[in-house]
Amino acid sequence: MEQIDTIWTNARIVVLDENQKIKILENSFLAIKDKKIIKIAKMSELGDFRSQKIYDVNNKLITSSLIDCHTHLIFGGNRANEFEKRLNGESYAQIAKQGGGIISSIKSTRELSFDELYKQAKKRLIALIKEGVGTIEIKTGYGLDLKSEIKMLKVAKKLEEDCFIHIEKTFLGAHAVPPEFKNDADGYIDYICDTMLDEVHKLGLVTCVDGYCEHLAFSTKQISKVFKKAKSLGLNVKLHAEQFSSMGASDLACSYDAISTDHLEYIEENSIINMKKSNTVAVLLPGAFYFLRETKLPPIELFRKHKVPIAIASDLNPGTATICSMQMMMNMSAVLFSLSVDEVFLAVTLNAAKALGLGDTKGSLELGKDGDFCVWDMEHPRDLVCAYLPNRLDLLVRNGEIINV
């Protein structure tokens, strides 16, 4: 008999078939050794293994844990007033010109202490964990000076240590032009490239660099300078692109082999072809689409036609996507974007892992991958897409160990 760390028995295990469709293995077990999945098989084969930790899940469903691959979870302040303004007919661009939008979150985030910022962020993170999120990306971008951006990264690090889930930390210095660089966007880009990126990289807290390429934010030329610096430091890149207009942002991202481009309502077919060539994942953000009452849908059929992987994420942020729920995003992506159940499940597991550069280790239940999974009190993953009932999560497991929050 082989001695292993943990065994999860009498389970209905969700895997992906050769066409990346949902397949349920009935009456099966899952075995973990050294934090990795080493066996998925029928209960009749269990006699070959032994462990001091055996968990009988009593015919419940086991899936790969959910992955939220695009969040702005750490921030200060409250922008509910902007939501009310949009209800009264003002646009995102109009509110930004009045000093709202991203700029309005900077002051609050800078002023909050580390402890208060951590306390507020932890509440949001726990809400996501309780819905089955085992891996999450957290961006900076509401500090926009070196001290505040580092503070955000250190908050993210402490959240990872205390909550026991995997957190990818992304530097989003090129989110907006901060007040001290008003009317000098090029000067701020120089500050990012000459000072900020070097300093955050030295701390070893970031794996990826993001930017906001839009007429409200930065040009392709400015983002290109940031990406060139990021690549020189060995960091991955991704980009907020084509949310409100088409300005070549995705093409720029693909030229730097971006792991994802995100939003994409206004992306054109030639750019989608480039995404396929550069293995770039399309991250769709239905919460922002819904919250801003957008009407131009991302071109789902073109992503399907060119076989570009689709991920979905919460885009949790204080102004344009305040819904702290991946299960809600799953439902929205089906209802608003017409994704199938299989596409939605793939979008919050394997494709979301790919959007973080983690496709080889996370996002599906396969031999050799991390032992990250959920135990659900439900019949099929379609139940997650159909209805919002967060109490169906029995257990969240990372590296074979139960997460308690």
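The values are calculated or read from the model by the stated rules, or taken from the named source; none is laboratory data. Since the structure is predicted, the reported quantities are computational estimates derived from the model, not experimental observations. Methodologically, a virtual Cβ is constructed for each residue, glycine included, from the backbone with ideal geometry; neighbour enumeration extends over all protein chains shown.
Here Glu90 meets the list (1) part of a loop (DSSP other than H, G, I, E, B); (2) of a type in the set (Asp, Glu); (3) outside the structural domain of Lys157 (by TED's automatic domain parsing) almost entirely, failing just condition (3). The conditions of being without any contact (Cβ under 8 Å) to a residue 40 or more places away in the chain and at positive phi are not met by Gly211. Of the candidates Leu144, Leu112, the single residue that is farther than 23 Å from Thr349 by Cα and either crowded, with 24+ Cβ neighbours inside 10 Å or in contact with an Asp or Glu (Cβ under 8 Å, 6 or more places away or on another chain) (or both) is Leu144. Taking helices (runs of 4 or more DSSP H) as the structural unit, those lying wholly within the stretch 283-401 and holding at least 1 residues that are surrounded by 19 or more Cβ atoms within 10 Å (Cβ to Cβ), at pLDDT 95 or above and in contact with a Ser or Thr (Cβ under 6 Å, 6 or more places away or on another chain) correspond to 286-291, 326-335, 341-347, 350-354. Taking the stretch 137-218 and the helices (runs of 4 or more DSSP H) fully enclosed by it, no element has 1 or more residues that are over 17 Å from the mean Cα position of the chain (by Cα), under 20 Å from Ile259 (Cβ atoms) and not assigned by TED's automatic domain parsing to the domain that holds Lys119. The sole residue among Leu365, Leu393 that is over 14 Å from Phe164 (Cβ atoms) and in contact with a Gly (Cβ under 8 Å, 6 or more places away or on another chain) is Leu393. In this entry, Glu131 passes the filter for residues that are assigned by TED's automatic domain parsing to the domain that holds Phe345, assigned to a loop (DSSP other than H, G, I, E, B), of a type in the set (Asp, Glu) and within 22 Å of Asp372 (Cα to Cα).
Can you say whether Ala258 is under 18 Å from the mean Cα position of the chain (by Cα) and either farther than 21 Å from Ser338 by Cα or in a helix (DSSP H, G or I) (or both), as far as the supplied structure shows? Spelling it out, Ala258 is indeed under 18 Å from the mean Cα position of the chain (by Cα) and either farther than 21 Å from Ser338 by Cα or in a helix (DSSP H, G or I) (or both). Return yes or no: is Asn27 in contact with a helix residue (DSSP H, G or I) (Cβ under 6 Å, 6 or more places away or on another chain), of a type outside the set (Lys, Arg) and either under 30 Å from Thr207 (Cα atoms) or not in a helix (DSSP H, G or I) (or both)? The answer is yes for Asn27.
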